[in-house]
């Protein structure tokens, strides 16, 4: 009895995890927990500005600007990888190359882009932490970013490493479209932060 | 040469749409955002092509396949960036034309275009022999490396246009910075 | 046979999870951007009449 329960869980583990996380997220978003957590983060954000990254970014505008430019370049790498792999899933390009090959190669480029984007993003956030703390659009970007990362590593990658023929083609298309949407949202909200703070 | 650029910028600045775009509530921001975000499309494709030539990405996919198919979305992105770039210049012509970063960026754009032309010519002539190799021959790799370098510096210069450290009113008359930026005596303050 | 059905169940699991997350992303995207665009339209109406 116990064995079959655990195997049931294993065969539904991703669905259950997603269901639990989504429920927790909804509860968090629509309850006072959200506001309370935000209040508790205030000291942390003030501290971020005192870190070496924060001090460097605030003192030398040139450093901040160049890090921001590198952030853009890494975004191009990340976005390029996302566009190529999603376009392949939608059958828009490289249809003569096995989809698995495109996915695997694009994922390598994606990971490099993601690491640089995260590093430069943290650097910049430290420099302007006191300001972005108050911007709703910054928090939406963090939500979109977390969703994107979770989606890629927990859902998309495991799914696409299986045999493509066994996948429902509509599920594949849905994954491709939502992948593009989530990363477009991350980029657009990022740009908006630049406007909202000034 | 500087006088010529200045006169054209003054003329553009005098057009009513230039002021309208510059002072618009959102339009300028949208044009700028489109310009910045489209680089994800344009440079995303370009970087993958260059990385393929250097043998760092998509090594198992034929090089000509990568270059020829990603070219189209890259050019689409470039056209959008070019048009939005012209609009951005059109909105703020004088300061932009006298920005040392903008001038450097334009020079690099021309260099990148020449490099791309040479690179494509070399690639098309020889790709049948090395298209499925993991790395392109050294001449093509040099072109790819230069392309990456040029475009990275172009993006950095583009970002620095917004900063006023080398603006005409903050630098000394007759200094190298002023000569390179094309600051003209008695120019209109904007 | 057992391995095959286990693999099939895992495949269904990841696809169901994928559909759930994808649908959530799309719903959030539509709601969020409709609200943002509406607020831009309201602001422009205020600014330009």
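The values are calculated or read from the model by the stated rules, or taken from the named source; none is laboratory data. Computed from a predicted structure; not experimentally measured. Positions of Cβ are backbone-derived with ideal geometry, glycine not excepted, and every protein chain shown enters the neighbour counts.
Run down A:132, A:109 and say which single residue is out of contact with any strand residue (DSSP E or B) (no Cβ under 9 Å at 6 or more places or on another chain), more than 14 Å from chain C (Cβ to nearest Cβ) and within 25 Å of residue B:65 (Cβ to Cβ).
Residue meeting the stated conditions: A:109.
Quick test of your reading of the structure: residue A:185 fulfils all but one of (1) without any contact (Cβ under 8 Å) to a residue 60 or more places away in the chain; (2) under 21 Å from residue A:49 (Cβ atoms); (3) surrounded by 16 or more Cβ atoms within 10 Å (Cβ to Cβ). Name the failing condition by number.
Single failed check for residue A:185: (2).
So, residue B:48, is that one away from every other protein chain (no Cβ under 13 Å), buried (at least 18 other Cβ atoms within 10 Å of the Cβ) and out of contact with any strand residue (DSSP E or B) (no Cβ under 9 Å at 6 or more places or on another chain) or not?
The answer is no for residue B:48.
Listed residues A:121, A:127; which is at pLDDT 90 or above and within 22 Å of residue B:44 (Cα to Cα)?
Of A:121, A:127, the one residue that is at pLDDT 90 or above and within 22 Å of residue B:44 (Cα to Cα) is A:121.
Does residue A:181 fit the bill of being in contact with a helix residue (DSSP H, G or I) (Cβ under 6 Å, 6 or more places away or on another chain) and either at the interface with chain C (Cβ under 10 Å from one of its Cβ atoms) or outside any helix (DSSP H, G or I) (or both)?
Yes.
Filter the stretch A:135-156 down to residues that are under 18 Å from residue A:13 (Cα atoms) and more than 9 Å from chain C (Cβ to nearest Cβ) and give me whichever is surrounded by the fewest Cβ atoms within 10 Å (Cβ to Cβ).
Of everything passing the filter in the stretch A:135-156, A:153 is surrounded by the fewest Cβ atoms within 10 Å (Cβ to Cβ).
Picking from B:8, B:86, which residue would you name as being over 25 Å from residue A:117 (Cα atoms), out of contact with any helix residue (DSSP H, G or I) (no Cβ under 9 Å at 6 or more places or on another chain), away from chain A (no Cβ under 11 Å) and assigned to a helix (DSSP H, G or I)?
Within the list B:8, B:86, the selection yields B:86.
Being at negative phi, in a helix (DSSP H, G or I), buried (at least 17 other Cβ atoms within 10 Å of the Cβ) and under 17 Å from the mean Cα position of the chain (by Cα): is that true of residue B:53 here?
No, not satisfied.
Can you tell me which residue within chain C, out of those that are within 10 Å of chain A (Cβ to nearest Cβ) and modelled with pLDDT under 85, is nearest to the chain's Cα centre (by Cα)?
Of everything passing the filter in chain C, C:11 is nearest to the chain's Cα centre (by Cα).
Could you list, in sequence order, all residues of the stretch B:132-166 that are within 14 Å of chain A (Cβ to nearest Cβ), at pLDDT below 85 and crowded, with 16+ Cβ neighbours inside 10 Å?
B:166
For the stretch B:16-46, which residues satisfy the criterion of being over 30 Å from residue B:71 (Cα atoms) and without any contact (Cβ under 8 Å) to a residue 12 or more places away in the chain?
Of everything in the stretch B:16-46, those that are over 30 Å from residue B:71 (Cα atoms) and without any contact (Cβ under 8 Å) to a residue 12 or more places away in the chain turn out to be B:16, B:19, B:20, B:23, B:24, B:25, B:26.
Just to verify a result, which residue in the stretch A:92-103, among those that are more than 15 Å from residue B:45 (Cα to Cα) and at the interface with chain B (Cβ under 9 Å from one of its Cβ atoms), is surrounded by the fewest Cβ atoms within 10 Å (Cβ to Cβ)?
A:96
Would you pick out the residues in the stretch A:49-63 that are surrounded by fewer than 20 Cβ atoms within 10 Å (Cβ to Cβ) and assigned to a helix (DSSP H, G or I)?
Within the stretch A:49-63, A:52, A:55, A:56, A:58, A:59, A:61, A:62, A:63 meet the criteria.
Conditions: (1) farther than 15 Å from residue A:183 by Cβ; (2) within 14 Å of the chain's Cα centre (by Cα). Residue A:129 meets all but one. Number of the miss?
Failing condition for residue A:129: (2).
Any chance you could count how many residues in the stretch B:13-39 are under 13 Å from residue B:90 (Cα atoms) and more than 14 Å from chain C (Cβ to nearest Cβ)?
Matching residues across the stretch B:13-39 total 11.
Considering only residues of the stretch A:157-176 that are part of a helix (DSSP H, G or I) and at the interface with chain C (Cβ under 7 Å from one of its Cβ atoms), which is surrounded by the most Cβ atoms within 10 Å (Cβ to Cβ)?
Checked the stretch A:157-176; the qualifying residue surrounded by the most Cβ atoms within 10 Å (Cβ to Cβ) is A:175.
Quick check on the stretch A:52-91: of everything there that is touching a residue at least 12 places away in the same chain (Cβ under 8 Å) and more than 24 Å from the chain's Cα centre (by Cα), which residue is nearest to the other protein chains (Cβ to nearest Cβ)?
A:58
With respect to the numbered conditions (1) within 15 Å of residue A:106 (Cα to Cα); (2) in contact with a helix residue (DSSP H, G or I) (Cβ under 7 Å, 6 or more places away or on another chain), which one is the sole condition not fulfilled by residue B:18?
It is condition (1) that residue B:18 fails.
Report, by residue number, each residue of the stretch A:12-48 that is within 14 Å of another protein chain (Cβ to nearest Cβ), in a loop (DSSP other than H, G, I, E, B) and in contact (Cβ under 8 Å) with a residue 60 or more places away in the chain.
Scanning the stretch A:12-48 gives no hits.
Can we say residue B:144 is in a helix (DSSP H, G or I) and touching a helix residue (DSSP H, G or I) at 6+ places or on another chain (Cβ under 9 Å)?
yes
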